[in-house]
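Here is the structure we will look at.
Coordinate-derived values only; no laboratory data. Computed from a prediction, not measured in an experiment: that's the story for all the values here. For neighbour counting, all protein chains shown are included, and Cβ atoms are generated from backbone atoms with ideal geometry for every residue, glycine included.
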Amino acid sequence: AGQQVMTTESVVNFKRAAAMTAMGTCGAKETDVGRFLRGVRKIFELLDKDKDGEINITDLQEAVQNILGDKLSSNVVVEQMIQMVDENNDQTLSEEELLTAVRKLAPR
């Protein structure tokens with residue numbers, strides 16, 4: 001009793017695999033799915049500047065400003081970007097929320 005059966009990373013990987021299956025990618029090659037998940041993880045790691053496991057408004061603001069410049073990176077725009085994909089309304093993006101958002105944008 002009280003022993004952890006799965007590591008946190010195992011749980012995250014399981015949820016990702018389940019999400020990919022639910023999203024209809026079961027017919028895709030395993031290497032394609034793995035490549036997609038690794039890509040999303042890299043994006044998440046790049047955006048999560050403070051490495052706290054969440055992409056917050058400050059993290060995203062910095063990334064958008066670096067890419068688009070000051071004029072196109074207002075706080076309002078960044079807040080709206082987060083609201084569009086923040087499924088649990090905590091004002092941050094988890095890796096799972098980012099995965100869902102990228103999957104919606106990815107060509108099929």
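Here the simple spin-label model places points 7 Å from the Cα toward Cβ, and for GLU62 and MET84 these points are separated by 2.3 nm.
Working from label points 7 Å from Cα in the Cα-to-Cβ sense, the ARG41 to SER74 distance is 3.8 nm. Contact order for region 32-105, expressed relative to its length and based on alpha carbon pairs under 8 Å spaced 6+ residues apart, stands at 31 percent.
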